[in-house]
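Colleague: Questions regarding the structure given below will be posed in turn.
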Amino acid sequence: MPHLSIVTTMYKSENFIHDFYSQCIITLAEIQCLSYEIIFVNDGSPDNSLNEVLKLREKDKNIIVIDLSRNFGHHNAIMAGLTYSSGELVFLIDCDMEVPPTTLSKFYKTMERNIDCDVVFGIQDKRKGFFIERILGSIFYKLFNSLTDIKVHSNSLAERLMTKRFVDEVVKMGDKNIFLAGMMQWAGFKQIPLTIKKGLREGKSTYTFRKRLLLSLQAITSFSSYPLVLLFKTGIFIASLSILTGGYFIVKKLFYPNEILSGFTFVIVVLLFSLGIIVSSLGLIGIYIDKLFNQVKNRQTFIVRNIYKSI
């Protein structure tokens, strides 16, 4: 069994840490892994998560704690954990126990059966959550896959077992606008899905609707320029419609010179519609400019305050 890194993030996670760690140890023994590290990334958690994991570290020096200077977001925290991982295999998993660490054995056995595989990624047998949440999730992935060249499984999970060479390539991408599912699919290599059952988190999820919406917007604008193409096509359509409408009124005036051309309401509607298109277009272009701005200024996506590890 090669050296293994288990990477997880903490945000309001103090209630899950001890159970998570216990199940990790049980699973490591099951797959006979003697060389391991468990990396906890503290993503500016406002509760007692950091102190709880430091207590565990007093008993197990294989635990590494990366304490970020503030909350940088789930995907940025994951990138921090992947960056500092040293294992020949890296197992990424959330510590909220929706997917128990005991599933590691299934991931490892799947990779063992496929020697040339670099990634075994988890997919849900059935999308969890309320009806609206499931529908919105399905719509997002269908929209994302239709607008981009890469295809992300609609029920994919954060949990995955990866080789070190794959992790290194993902880290080297240097994206400042991080959408991990898209980045990992774009990286290529042989990837195999593994269907697992995902439970419900105990307590309220920290992934609010606003966070999901912002992540969806970031995902699409980071991997596709098609919205700009659609914007151009919409402008051409409106311009063509205006020319045809103008031609219609000119012809009507030539053949019926005595008829009064009334269309004030129509003109107002067209003007308001055009104004809406212009404003939304400027907003969309602004989003892409913001992406370029973030990438060009090359500011780090996370800042480490402390690293607790054995020398």
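Only the coordinates and a few stated rules stand behind these numbers; no lab work does. This structure is a prediction, so every number in the text was calculated from the model and none was measured. Please note: Cβ atoms are built from the backbone with ideal geometry, for glycine as well, and neighbour counts cover all protein chains shown.
Colleague: Figure the gain on full extension for Asn15 and Arg299 (residue separation times 0.36 nm, minus the Cα-Cα span) and round it to one decimal in nm.
Modeller: On the way: separation 284, 0.36 × 284 = 102.24 nm, distance 3.32 nm.
Gain on extension, Asn15 to Arg299, equals 98.9 nm.
Colleague: Calculate the spin-label point distance for Ile192 paired with Asn62, positioning each point 7 Å from the Cα along the beta-carbon direction, and give it in nanometres.
Modeller: Placing both labels 7 Å beyond Cα along the Cβ direction yields 2.4 nm.
Colleague: Place the peptides 300-306, 117-123 in order of packing, highest mean first, counting for every residue the other Cβ atoms within 10 Å and averaging per peptide.
Modeller: Details: 300-306: 14.3, 117-123: 21.6.
Per-residue mean Cβ counts within 10 Å order the peptides as 117-123, 300-306.
Colleague: Order of 72-82, 102-112, 176-186 by packing, highest average Cβ count within 10 Å first? All intermediate terms of the calculation are to be shown ahead of the outcome.
Modeller: Details: 72-82: 22.0, 102-112: 17.5, 176-186: 20.1.
Ranked from most to least packed, the peptides come out as 72-82, 176-186, 102-112.
Colleague: If you stretched the chain out fully between Leu244 and Glu88, how much longer would it get, using 0.36 nm times the residue separation minus the C-alpha to C-alpha distance? Display every interim value, and only then the final one.
Modeller: Values: separation 156, 0.36 × 156 = 56.16 nm, distance 6.44 nm.
That pair, Leu244 and Glu88, stretches by 49.7 nm at full extension.
Colleague: I would also like to ask the following. List the trypsin sites (Lys or Arg not before Pro) within segment 27-99 that DSSP assigns to loop and that have no more than 16 neighbouring Cβ atoms inside 10 Å.
Modeller: On the way: sites: Lys55, Arg57, Lys59, Lys61, Arg70; in loops: Lys61, Arg70.
Counting only loop positions with at most 16 other Cβ atoms within 10 Å, the trypsin sites (Lys or Arg not before Pro) in segment 27-99 are Lys61, Arg70.
Colleague: For the pair Ser22/Val251, report the inter-label distance in nm, with labels modelled 7 Å from Cα in the Cβ direction.
Modeller: So the label points at Ser22 and Val251 sit 8.0 nm apart.
Colleague: Pull out the extension gain between Lys106 and His3, defined as 0.36 nm times the separation in residues minus the alpha carbon to alpha carbon distance; nm, one decimal. Kindly include the intermediate steps, with their values, before the conclusion.
Modeller: Working: separation 103, 0.36 × 103 = 37.08 nm, distance 1.73 nm.
Stretched out fully, the Lys106 to His3 stretch lengthens by 35.4 nm.
Colleague: What distance in nm separates the simple spin-label points at Ile289 and Lys309, each placed 7 Å from Cα in the Cβ direction?
Modeller: Going from the Ile289 label point to the Lys309 one covers 4.1 nm.
Colleague: What aspartates and glutamates sit close enough to Lys106 to cross-link, taking a C-alpha to C-alpha distance under 13 Å and skipping anything fewer than 8 places away on the same chain?
Modeller: Counting by Cα, and skipping residues close in sequence, Lys106 has these aspartates and glutamates nearby: Glu30, Glu159.
Colleague: For segment 51-118 and segment 150-193, write down the distance between their C-alpha centroids in whole Å.
Modeller: 15
Colleague: Order the peptides 21-33, 4-16, 86-98 from the highest to the lowest mean number of other Cβ atoms within 10 Å of their residues. Numbers along the way, then the final one.
Modeller: Values: 21-33: 16.1, 4-16: 23.2, 86-98: 21.6.
The densest-packed peptide leads the list: 4-16, 86-98, 21-33.
Colleague: For the pairs Lys172/Lys197; Lys151/Lys198; Lys61/Lys176; Lys12/Lys151, flag any whose C-alpha to C-alpha distance is greater than 26 Å.
Modeller: Working: Lys172/Lys197 32 Å; Lys151/Lys198 22 Å; Lys61/Lys176 32 Å; Lys12/Lys151 32 Å.
Check vs 26 Å cut-off fails for Lys172/Lys197; Lys61/Lys176; Lys12/Lys151.
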